[in-house]
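Take this structure, written in structure tokens, and hold onto it; I'll ask about it next.
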Amino acid sequence: MREKVGIFGGSFHPPHTSHVLAAERFLQAEQLDRLYVVPAFLPPHKALSRGAGDADRLAMTRLAFAPLGERVTVSTLEVDKRRACYTLETLCEVRDLHPEADLFLYVGGDMLLSFETWHEFEELFRLCTVCTLAREDDEPTLRRHADHLAKTYGARIKLLGSCVPTSSTEVREALFAHRQTDKVPSAVLDYIHTHRLYTREGEISRAQALVRETLSEKRARHVFGVVEEAEALARAFDCSEETVQDLRLLALLHDVTKEKSTQEQLVLCEEWNVALSEDDRQVPKGLHAITAAAFAAREFGLPEELTDALRYHTTGRADMSFFEKVIFLADYIEAGRTYPPCLALRRLFWEGMEKALPEERHAVLNHAVRVGLDMTLQDLAEEGKYVHPDTVDARDFLVSQNF
Ligand SMILES: [Fe+2]
Ligand SMILES: [Fe+2]
């Protein structure tokens, strides 16, 4: 009898009980001799990966599927490539490992509905049988669609029944909010708790270790100063605990690549596909802001809304967000600064905050950022250095708003 080999891909971020249930049904229904569970590489720019890195996702996936026995292998085929892969590519690699086998591909019900948009989907239909589970409420729709695919493309599609779906997004949100979840196998939950995944506290301790281990003592002291300042600022604005923690994390990461040479920064941009404008290249000292943002997206899965505070912490830009302004200003006025204009700005800001009514605080922040930008522009002019247009835009924007 021909060997039967199954493939089950997903982001497994984290793996949850429905994944395991689906794999179990898949193994049984098709009597698979082997099942490859293939965690996908998560493209950093999609900001899907907050809370757990690739190594953790692999470890959790192994724990989640271990109870299904030796027929299941968690494969690093896609994660190792460090880029998004087409299913066809992975399927072909598995076929090369098992040239005589019948191949079966598991996809979620909603995936089957969009199958005709997949890269070379007809070739996929030629190479394997596609298996899926319906959500309890969409079985008729899925069945109709499976018939359509079979008639139109000669696809072999099997419905393995239905299940109550779980979403990894909901699991992640619950974990970040410190809510209980019973949607994750207990071994995975233990791993998550031991490694403090999907928590802001875990992210912060990882970033703290990174600062201590990779930056010089002097720079680390500055960074911890910015953390304290950003936290004080957030508290002065009565921010939620989540926002305070996000700002602490951003402060920790803002100079994470600062001690790399210009050449190293450029290499990182190249490696990480970060596009640089001509202006960016004219300001080598600002490159660390760009690479810090890319680092935070890649290694911490932070969304753009947060990484922009790193990206613009030296130049500023027009219409800066609250996160951007806080990191920009905290970097300027942290307690360790001894440069007299920084001290003056620190005084100006905090004295202004003391006097301000709650509704006037944002104006104090805007004004302080504007003064900071003026100082930057003046210093650059005195040193005869190139001025990034973002800095001029940032200042002009605030001036236009009368700050
Ligand atoms: Fe910096
Ligand atoms: Fe800094």
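The numbers here are math on the coordinates, done by the rules we state, and not lab data. All of these numbers come straight from a predicted model, not from anything done at the bench. Every residue, glycine among them, receives a Cβ derived from its backbone with ideal geometry; neighbour counts consider all protein chains shown.
Of the listed pairs Lys285/Lys325; Lys81/Lys183; Lys325/Lys355; Lys158/Lys183; Lys260/Lys385; Lys81/Lys158, which have alpha-carbon separations greater than 23 Å here?
Correct reply: Lys81/Lys183; Lys158/Lys183; Lys81/Lys158.
Please list 238-249, 6-17, 77-88 highest first by mean number of surrounding beta-carbon atoms within 10 Å per residue. The partial results should precede the final answer.
Working: 238-249: 17.1, 6-17: 23.9, 77-88: 15.3.
Highest to lowest by the protection proxy: 6-17, 238-249, 77-88.
For Ile7, list long-range residues whose amide hydrogen, built 1.01 Å from N in the peptide plane, is under 5 Å from its own amide hydrogen.
Tyr36, Phe104, Leu105, Tyr106
For the chain, what is the calculated [θ] at 222 nm in deg cm²/dmol (nearest 500), taking -39500 (n - 2.57) for each run of four or more DSSP H residues and dividing by its residue count?
Only helices count here, giving -18000 deg cm²/dmol.
Under the rule a/c < 1.5 gives rounded, and otherwise a/b versus b/c splits prolate from oblate, where does the chain land using the Cα gyration tensor?
The shape class here is prolate.
Mind checking the dipole of segment 213-400: about its Cα centre, +1 per Lys or Arg Cβ, -1 per Asp or Glu Cβ, Debye to the nearest 20?
Dipole size: approximately 520 debye.
Additional query: What ranking do 115-125, 319-329 get when scored by the average of other Cβ atoms within 10 Å per residue, highest first?
Highest to lowest by the protection proxy: 319-329, 115-125.
Specify which residue in the list Cys128, Ala251, Cys269 is farthest towards the positive end of the charge dipole of the chain, using unit charges on the beta carbon of Lys, Arg (+1) and Asp, Glu (-1), about the Cα centre.
Positive-most Cα among the choices belongs to Cys128.
Below 8 Å, C-alpha to C-alpha, sequence gap of six or more: please give me the relative contact order for segment 118-223 in percent.
20 percent
Right, something else. Tell me which of Ser205, Ile327, Gly225 sits at the most positive position along the dipole axis of the chain, charges placed on C-beta atoms (Lys, Arg +1; Asp, Glu -1).
Ser205
May I pose another question? In debye to the nearest 20, how big a dipole does the chain give about its Cα centre with +1 on each Lys and Arg Cβ and -1 on each Asp and Glu Cβ?
Numbers: 48 positive and 66 negative charges, 121 e Å.
It works out to roughly 580 debye.
Calculated FRET efficiency, Lys260 and Asp137, Cβ-Cβ r, R0 51 Å, to nearest 0.05?
That pair, Lys260 with Asp137, gives E of 0.45.
Here's something else I'd like to know. Give me the dipole magnitude in Debye, nearest 20, for segment 4-170 about the Cα centre, with unit charges on the beta carbon: positive for Lys and Arg, negative for Asp and Glu. Don't jump to the answer; show the numbers that get you there.
Details: 19 positive and 24 negative charges, 29 e Å.
Taking the Cα centre of segment 4-170 as origin, the dipole is about 140 debye.
Taking amide H positions as placed in the peptide plane 1.01 Å from N, state which residues far from Ala134 in sequence (5 or more) or on other chains have amide H under 5 Å from it.
Leu160, Gly161, Ser162, Cys163
Classify segment 4-170 from the C-alpha gyration tensor, please: rounded if a/c falls under 1.5, else prolate or oblate depending on whether a/b exceeds b/c.
Rounded shape, in that the Cα axes give a/c under 1.5.
Below 8 Å between Cα atoms, with a sequence gap of 6+, how large is the relative contact order for the chain in percent?
With pairs under 8 Å counted, the relative contact order is 14 percent.
Between segment 92-167 and segment 334-403, what is the C-alpha centre distance in whole Å?
First find each Cα centre; the distance between them is then 57 Å.
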